[in-house]
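Have a look at the structure below before the remarks.
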Amino acid sequence: MTRMTVNGEAVRYRLDAQTPLLWALRDASNLTGTKYGCDSRDCGACTVIIDGRAVTSCSVAIGELEGAQVTTIEGLSAGRAHPVQQAWLVEQATMCGYCEPGFIMAIAALLESSPSPSEEQLAALPNICRCGAYPRIKRAIMRAAGTAAAGPPLET
């Protein structure tokens, strides 16, 4: 049995310790915002925040997360009020939307650790958008970085 906190709630998973976090979240907790993409840490669709770091949830077994703090897209903010979510909407970064939760979680973690990310940090984001919305995603990141310091949500 593995105990952790998911989106502020204490959770006990009675699953095999080798179960990837992705499947525990989706199947046992019904948190389906975390997407299955490649199962090889390459696309970032399953990115969540674990103890303040962006992590691909397909790459970590629940047995490694005893006592961890996990945040999924469902727990990032109430009403999509997080600056990254607001900027994503304003910049119309969504095309098909499949990469959206993973990108938003990776960006939120990046901005938490580096409120004014460099070009190199942006280029180092491992997430993939198969639709090619990168210019809009970059604008959303820069907008969120500008609003993260200011605090209030953007108007849409």
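Diffusion coefficient (Stokes-Einstein, Kirkwood radius over C-alpha pairs, 20 °C, 1.002 mPa s) for segment 78-150: 178 µm²/s, rounded to a whole number. Here the chain was treated as a single set of alpha-carbon atoms; its pair distances binned every 5 Å from 0 give 2, 10, 19, 23, 19, 14, 8, 4, 1 percent. Report the full-extension gain for the segment ALA28 to ARG3: residue separation times 0.36 nm, less the Cα-Cα distance, to one decimal in nm. Additional length available on full extension: 7.7 nm.
Modelled spin-label separation between ASP16 and ARG41, with each label point placed 7 Å from Cα along the Cα-to-Cβ direction: 2.0 nm. Packing around the peptides 119-129, 101-111, taken as the average count of other Cβ atoms within 10 Å per residue, puts them in this order, highest first: 101-111, 119-129.
Could you compute the longest span of the chain free of trypsin sites (Lys or Arg not before Pro) located in DSSP loops and having at most 14 other Cβ atoms within 10 Å, not counting the site residues?
The answer is 15-129.
Against the main long axis of the alpha-carbon atoms of the chain, helix 134-150 sits at an angle near 90°. For the chain, modelled as a GNM with alpha-carbon contacts under 10 angstrom, which of SER40, SER59, SER116 fluctuates the most? In the Gaussian network model the winner is SER40.
FYI, it's all coordinate maths here, none of it is from the lab. Only a predicted model underlies this, so the values are computations on that prediction, with no experimental measurement involved. Glycine gets a Cβ as well: all are built from the backbone with ideal geometry, and neighbour counts include every protein chain shown.
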